[in-house]
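A quick write-up on the structure given underneath.
The values are calculated or read from the model by the stated rules, or taken from the named source; none is laboratory data. Here the structure is a predicted model, which is why all the values come from computation and not from measurement. Heads up, the Cβs are rebuilt from the backbone with ideal geometry, glycines too, and the neighbour counts pull from every protein chain shown. Side chains are part of the model used for accessible areas, which takes the heavy atoms of the whole protein and leaves out ligands, DNA and RNA. Shrake-Rupley method; radii C 1.70, N 1.55, O 1.52, S 1.80 Å.
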Amino acid sequence: GKHRIVIPCLGRFKEEYEKVSKQYMNNKIRTTRYTLLNFLPRNLFEQFHRVANLYFLFLVVLNWVPLVEAFQKEITMLPLIGVLTIIAVKDGLEDYSRYKMDKQINNLVTKVYSR
């Protein structure tokens, strides 16, 4: 069958390690949910799965209809924007702490046993 070449990531083997390691999948741990590119759309998608946020969105949309308008349009949007912003900041901070922990775990020194 197939054989895997294992090269220690040491100073003198570094070039050979980088050349051979590109052929294989890495084993880095990634527990984060977001990247910089998908944070806003994915976070909004997750937040609008909550019934309360959908209710406030319904009130905002309903208030833009001239016949049903009960408050000023901007005032109706404030609670929804406030809640979405607070939850987005909280999710971003949690995800950043996960990113730092993943980076710390992925850079741990490991022992390699050889016969």
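Structural remarks
- Cross-link pairs beyond the 32 Å C-alpha cut-off, checked among Lys2/Lys28; Lys19/Lys90; Lys14/Lys103; Lys73/Lys100; Lys22/Lys90: Lys19/Lys90; Lys73/Lys100; Lys22/Lys90
- Under conditions of 10 °C and 1.306 mPa s, the chain yields 84 µm² s⁻¹ as its translational diffusion coefficient, taking Rh as the Kirkwood radius over Cα pairs in the Stokes-Einstein equation.
- Label separation (Tyr17 vs Leu40): 4.0 nm, computed from points 7 Å beyond Cα along the C-beta direction.
- Taking Lys and Arg as +1 and Asp and Glu as -1, the other residues whose beta-carbon sits under 10 Å from that of Arg33 total -1.
- Accessible surface for the chain, divided over its residues, is 90 Å² per residue with a 1.4 Å probe.
- Thr110, Thr35, reordered so the largest accessible area comes first (probe 1.4 Å): Thr110, Thr35
- Solvent exposure of Ile29, expressed as accessible area, is near 80 Å², computed with a probe of 1.4 Å over the protein chains only.
- Computed with a 1.4 Å probe on the full set of protein chains, the accessible area for Thr32 sits at about 20 Å².
- Accessible carbon and sulfur surface of the chain relative to its total accessible area, %, 1.4 Å: 65
- Computed over the chain, the per-residue total of -39500 (n - 2.57) for DSSP H runs of n ≥ 4 gives a 222 nm mean residue ellipticity of -18500 deg cm²/dmol, rounded to 500.
- Within the assembled protein chains, the solvent-accessible surface assigned to Leu40 is about 110 Å², based on a 1.4 Å probe.
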